[in-house]
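> Right, I'll just put the structure down here and ask away after.
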Amino acid sequence: MTTPPAAHHPTGADPAPEPPAGRRPTPEPARTARAHSFNAAAAQYAANRPSYPPALFDAIEDLTGRPLAGSRVADVGAGTGIATALLHARGANVIAVEPGDGMAAQFRRTLPGVPVIRGTGDDLPLADASVDLVTYAQAWHWTDPVRAVPEALRVLRPGGALALWWNTDALDVPWIAEAATRLARHFGIDVSAEKRNVDARAADPTGRLDFTRRAVRWSRRVPVDTHLANIGSHSVFLVHGAEHTAAFLAAEREHLLRAFPDGVVEEVYEVVLLLAEAPARRTGPDEAA
């Protein structure tokens, strides 16, 4: 699952950033519409969205001090299962949590052997102290952290961890920066807010968690059509009228073919990881004895 309100970038995530100066936050109905927009485009999402590099999962193991293999993991906002599949391949015992009908249906087609249950991060359908790791790939921004943080801590075992990550675009790459400018102009959004707000304060405004941040740069080479289908699967495109979206994608195709005459686009990402460990369970007087 991807992201909400104001910012979005053509090849990366669209987390819920702070609005530009003078602009009001995205109204809740619009945010809700964006959250539900993925269900109608689940197959497009599954076929064209980028994955995540092995180094991301190496970083999770390094920060937690334990292997993913054998760990009990809840992947929340699992969407079509892109991150779930990678966690499963690392040997984790994964249960997916996904609120959307269309996304959950696509998940079941993609990963029939992995359990997926319906629910949200604000009210996890999981038992207390039942998992070692709670993960959110491109999905934390859809939660209310005031509710989602206590829920994550509730379901985590003592010493477990909460891991949040996003694929963000490498805006230092000239063609990506130029594409971001075109997107901002066409849709009236603040693209640079994406990275600015992928930080600990935005993730947990209450300050209850002590996040460690890691970033991993990676890239993939895909046909122009795949790149356009990828960006077209983001919520900012899905909630706009088809004509408005088609006009942008048609113009973008021309720009891309001038930049990549062989028809193959190199998308460059920086996947940003925020990880916080749950506090170990305190020993009471009776247990200490």
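The values are calculated or read from the model by the stated rules, or taken from the named source; none is laboratory data. Just so it is clear, the model here is predicted, and its values are computed rather than measured. Because the Cβ atoms are built from the backbone with ideal geometry, glycine has one as well, and the counts that use them run over all protein chains shown. Note: areas computed on protein heavy atoms with side chains; ligands, DNA, RNA excluded. Shrake-Rupley method; radii C 1.70, N 1.55, O 1.52, S 1.80 Å.
> For the pair Asp262/Ala177, report the inter-label distance in nm, with labels modelled 7 Å from Cα in the Cβ direction.
A separation of 2.5 nm, rounded to one decimal place.
> Determine the share of the range 125-171's accessible area contributed by carbon and sulfur atoms, expressed in whole percent, with a 1.4 angstrom probe.
57
> Round to the nearest 0.05 the FRET efficiency obtained for Ala280 and Asp123 when R0 = 22 Å and r is the Cβ-Cβ distance.
Values: r = 25 Å, r/R0 = 1.14.
Once the sixth-power term is evaluated, E becomes 0.30.
> In the range 109-191, which trypsin sites (Lys or Arg not before Pro) fall in coil by DSSP and have 12 or fewer other Cβ atoms within 10 Å? Could you put the intermediate results ahead of the total?
Working: sites: Arg109, Arg118, Arg147, Arg154, Arg182, Arg185; in loops: Arg118.
Here the sparse-neighbourhood loop sites are Arg118.
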